[in-house]
1. What is the Cα radius of gyration of the chain over 2.2 N^0.38 Å, N being its residue count?
2. Per residue, how much accessible area does the chain have with a 1.4 Å probe, in Å²?
3. Return the carbon/sulfur percentage of the accessible area of the chain, one whole number, probe 1.4 Å, all protein chains in place.
4. If the elastic network links every pair of Cα atoms under 10 Å, which of GLU115, GLU212, GLU25 fluctuates the most in the Gaussian network model of the chain?
5. Using only DSSP helix segments of four residues or longer, with each worth -39500 (n - 2.57), what per-residue ellipticity at 222 nm results for the chain after dividing by its residue count and rounding to 500?
6. Collect residues whose amide H, placed 1.01 Å from N in the peptide plane, falls under 5 Å from the amide H of THR247; neighbours closer than 5 in sequence don't count.
7. Cα axis of helix 200-211 to longest principal axis of the chain: angle in degrees, 0 to 90, nearest 10?
8. Distance cut-off 29 Å, Cα to Cα: go down the list LYS67/LYS284; LYS83/LYS292; LYS74/LYS292; LYS201/LYS292; LYS21/LYS304 and report the pairs above it.
Amino acid sequence: MGNIAILCSGGDVSGMNPAIKYFVEYSIAKGLTPYLVYDGFEGLIDNKIVSASYQDVSGIINRGGTKIGSARSKRFMEASYRKIAKENLDKHRIDKLVVLGGDGSFRGMEKFYEEQGIAFTGIPSTIDNDIAGTDYCLGVDTALNIIREALDAIRDTASSFKRAFVVETMGRDCGYLALVSAVTSGAELCLIPEVSYDLRKYEARFRQELLEGRRYFLAVISEGVRQSSQEIAAWFEEKIGIESRITILGHIQRGGNPTSRDRLMAYRFIAFGIDGLLRGEKDKICCYNSGKLNYKSIADVANKKYEIEPALMELAGPCLGN
Ligand code: ATP
């Protein structure tokens, strides 16, 4: 039936390892010979491409990150290196690729397909959940649960002392992680890049709540907002009159054992992606909308900005800065 390979590109996420495991199993079940490409597009160029058996992917379903490594590749931006990548794939007679990555990786693959004719399917994988065209990206659920655990722990100490805790989440230009985390952790303040805010609007209410006995504030700030976490913390001290502390969650948000949802989504994305390739899809992204998987073209995924659904914004209610 042919040879098929998988690679990870861009930021790693929890859920890649279950995807890699199931890629091997499902490919074999479908009569394909599975290959692993180590270190993303860099590995394609350097021929770090090896055939895989069940043993290669045993014991990884519960592990974060990716066993086969991920990378960003400046060289892959150049046609001459993409030609080398194709020659390496030819050496292994691989004509199908599954790519776990973000929209940048899909754009790179689209170019590769147009020039070199290697069919691919993209599986949206980023904790930021910022890929247009899909409600869900692999790794988001694990990241949300890591953030929730951190916020629960911070709440314990915040309530013991009288303090405001400013917690900064990842997400680049997308406030999804911060928004969902704020809602599910009962934060008093949530600032995200999508919503303009004026901190003065909170001042009277927050000061009044302190007078009425409130002991702490929890503020969840997306890294992409116009003010730094330090500035928000200083605002709590100066304008609200409460001592503040800052926690920048950083890369712990990327790690951790994949949740059940991310393991299941990894399996569903992989089966759907491979089925599509076998049916003759050449350059489609596996998307998840309203509980259903579907294929979308790169134009519908990579050239648009992801928008958080209004109903989610509404749930955040008064903590969202407008
Ligand atoms: P993340 O959101 O986690 O960073 P991403 O897939 O969007 O993931 P990028 O750094 O944008 O990450 O892209 C990953 C790789 O894809 C780049 O290092 C490059 O090798 C390749 N790539 C991106 N855009 C292009 C392009 N226009 N042409 C060729 N290759 C590209």
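1. Values: Rg = 21.9 Å, N = 322, 2.2 N^0.38 = 19.7 Å.
Normalised by 2.2 N^0.38 Å, the Cα Rg of the chain equals 1.11.
2. 42 Å²
3. 48 percent
4. Result: GLU212 has the largest fluctuation of those listed.
5. Values: 11 runs with 129 residues, N = 322.
Value at 222 nm, helices only: -12500 deg cm²/dmol.
6. When sequence neighbours closer than 5 places are left aside, the close amide H contacts are VAL166, VAL167, GLU168.
7. On a 0 to 90 degree scale, this one is about 60.
8. LYS83/LYS292; LYS74/LYS292; LYS201/LYS292; LYS21/LYS304
The values are calculated or read from the model by the stated rules, or taken from the named source; none is laboratory data. Bear in mind the structure is a predicted one, so any value in this text is a computation, not a measurement. Note that we place each Cβ from the backbone using ideal geometry, even for glycine, and neighbour counts take in every protein chain shown. For accessibility, only protein heavy atoms count, side chains too; no ligands or nucleic acids. Shrake-Rupley method; radii C 1.70, N 1.55, O 1.52, S 1.80 Å.
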